[in-house]
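The block underneath contains the structure these notes are about, expressed in structure tokens.
Just so it is clear, none of the values below were taken in a lab; they were calculated from the coordinates. Given the structure is predicted, the values throughout are model-derived calculations rather than measurements. Here the Cβ is made from the backbone with ideal geometry for all residues, glycine too, and neighbour counts use every protein chain on show.
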Amino acid sequence: MNKFIFQTMDFRILPSLLLLLCCQMLFSECSGKIIDEIKTTDPVVVDKYAYPLKIVAPYQVGTVMSLSTFSNAPAMTIVKKEFGSVTCENAMKIQATQPTATTFDFYQADSITNYCVRNGIRVHGHTLVWHQNLPVWLTAFQGDSAAWENILKTRIKAMLTHYKGRVKSWDVVNEAINDDGSLRAFATANNTKVSLWAQKLGKDYVARCFQYAHEADPEALLFYNDYGQEYSPAKINAILAMVKDFQKRGIAIHGLGLQFHTNLQRPDADLKNAISQMASTGLLIHISELDISMNGSQTYIQPTATMLDLQKSKMNTIASFYKTIPAPQQFGITFWGISDANSWIKNDWPLLFDVTYAKKPAYYGFWDGLKQ
Ligand code: G3I
């Protein structure tokens, strides 16, 4: 067939054929350049949200981990990619770390801490003293106040000594103040929760916790952590008074944790006011347990578009408003969970990632808030 074509070809068309070939070569050369140009302008085309939170954030953005996080592949992917700080959700609490008054079990907390240290993730210690999560050996303890004091001192010293250098900041005391501003101690009409610590050790026990922590690790940054600053002016005033009192007495306190377990109904102004008031102390400010509940009434079986949008907008407000406090006071924002699948209030869909570990509108709202 080819032979036939060659034999029958009219050689007068050869110059035209050559011209056609040259044009074709020129065209493919040009189109190659266009493709190259698109490649070199890739960052403009690429989805800006591909940059993870820890890269975009001007301050530390964190999450919580448990031992079970290690066997949850999608959760681990998110931790590694997005977060620069980790708080142990439960692993450093007394129930997890202290099987008896005099023995310690650091297995869970060490697993998380060592993983974070190896991967350049900051670990924030949570929590040394809290009225909840008390083991039976403690609630049943019959010693006098000196024996209780010894338990307190032993615990704080052991935790800070064991984690010295690996954990550089601690929630020393968690939730010691009631919503009405009084010290949590005995049951009240409005609040049935009690604190055995306060009952056994007296009202100045919070100050002593900070002193013991400072003695055990003078380098550690010591935080008072609580919830409700966004709705309770009385609690704000009590915290401000406590800080002033500590400073007057030379008791080391370096930071305040605002948990911010909040919801869609909470006005933005309340969140901003809580941040500003706490920041007025000049201490480090940690939004320490952020989540925004969408289903407090438990009436929905899945979030609506309106709810997701509102959550997005609140996350945006918190991320951007946090930047208005002086940079040296920005300790960071920690989410209380990785995805809605593993939140302590999972039916409220309170976090940045949904039950399938996909980014929610809240993620984009928070991300934008970091950049704005
Ligand atoms: O690990 C046990 C498991 O072995 C057992 O089978 C199961 C049965 O209930 O319980 C498991 O322990 C639970 C633990 O969470 C781990 O899931 C405890 O019962 C449960 O009380 C514990 O709840 C934690 C709660 O603090 C009390 O310690 C939540 O996960 C944790 O998110 C929550 O975190 C607190 C902060 O520390 C302080 N601020 C408020 C915040 C929310 O309550």
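Write down the percent of antiparallel bridges among all DSSP beta bridges whose residues are both part of the chain, to the nearest 5.
Working: 2 of 36 bridges.
If we restrict to bridges inside the chain, about 5 percent are antiparallel.
Count charges around Arg266 for me, please; just the other residues with Cβ under 10 Å from its Cβ, Lys/Arg as +1, Asp/Glu as -1. Around Arg266, the surrounding residues sum to -2. For a straight C-alpha distance cut-off of 18 angstrom, the aspartates and glutamates reachable from Lys360 (same-chain residues fewer than eight places away being disregarded) are Asp47, Glu82, Asp291, Asp309, Asp340, Asp348, Asp368.
Want the number for Phe70 to Phe321: 0.36 nm per residue separation, take away the alpha-carbon distance, what's left?
87.1 nm
Using 18 Å as the Cα-Cα cut-off, could you pick out the over-long pairs in Lys312/Lys359; Lys157/Lys244; Lys153/Lys203?
Checking Cα-Cα distances, Lys157/Lys244 exceed 18 Å.
Please say if the stretch 136-246 is rounded, prolate or oblate, where rounded means a/c under 1.5 for a ≥ b ≥ c the square roots of the C-alpha gyration tensor eigenvalues, and otherwise the choice is prolate for a/b larger than b/c and oblate otherwise? The shape class here is oblate.
Considering every Cα-Cα pair within the stretch 240-291, what fraction, in whole percent, is farther apart than 14 Å? So the portion of pairs separated by more than 14 Å is 56 percent.
Where only DSSP H runs of four or more residues are counted, the chain gives -13500 deg cm²/dmol as its mean residue ellipticity at 222 nm, each run worth -39500 (n - 2.57). Enter the Cα centre distance for the pair the stretch 107-160 and the stretch 275-301, rounded to the nearest angstrom. Centre-to-centre (Cα) distance: 24 Å. For the chain, the longest principal axis of the alpha carbon atoms and the long axis of helix 361-371 meet at an angle near 90°.
Normalised by the number of residues in the chain, what is the relative contact order in percent for Cα pairs under 8 Å and 6+ residues apart?
Dividing the mean separation by the residue count of the chain yields 14 percent.
Take the Cβ atoms of Asp309 and Asn150, set R0 to 51 Å, and the FRET efficiency comes out at 0.45.
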